[in-house]
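Okay, so here's the structure we're looking at.
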């Protein structure tokens, strides 16, 4: 799966479902403006196996962040990104529905 495949109608539909699942607000600051869908484990940190297993589009690896928070997370070194994760995600699998 390439970054190119994360564009188009399929991604748009998935992103809309993730934003709806997350209550239509940024999970970091609560803003309802300029929302994006963020990969909790960034694409560039995924192994080939992660990609082959569908992690880029797995709802449990996606969270809603406003553009500002997403940019702030992206600009941090990898060891600091973990503090920007959705804390619920860290509690274990099965927290988020896997079927949109």
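If you go through segment 14-58, how many residues are modelled with pLDDT of 95 or more, surrounded by 15 or more Cβ atoms within 10 Å (Cβ to Cβ) and over 14 Å from the mean Cα position of the chain (by Cα)?
1
Checking residue 73 against (1) assigned to a helix (DSSP H, G or I); (2) at pLDDT 90 or above, which single condition isn't satisfied?
With (1) assigned to a helix (DSSP H, G or I); (2) at pLDDT 90 or above applied to residue 73, the lone miss is (2).
Which condition from (1) surrounded by fewer than 19 Cβ atoms within 10 Å (Cβ to Cβ); (2) modelled with pLDDT of 95 or more is the one that residue 64 breaks?
Only one criterion is unmet by residue 64, namely (1).
Take residue 11 and tell me if it is outside any loop (DSSP other than H, G, I, E, B), surrounded by 11 or more Cβ atoms within 10 Å (Cβ to Cβ) and modelled with pLDDT under 85.
In short, no.
The values are calculated or read from the model by the stated rules, or taken from the named source; none is laboratory data. Keep in mind that what you see is a predicted model, and the values were worked out from it rather than measured. FYI the Cβ positions are ideal-geometry reconstructions off the backbone, even for glycines, and counts take in every protein chain you see.
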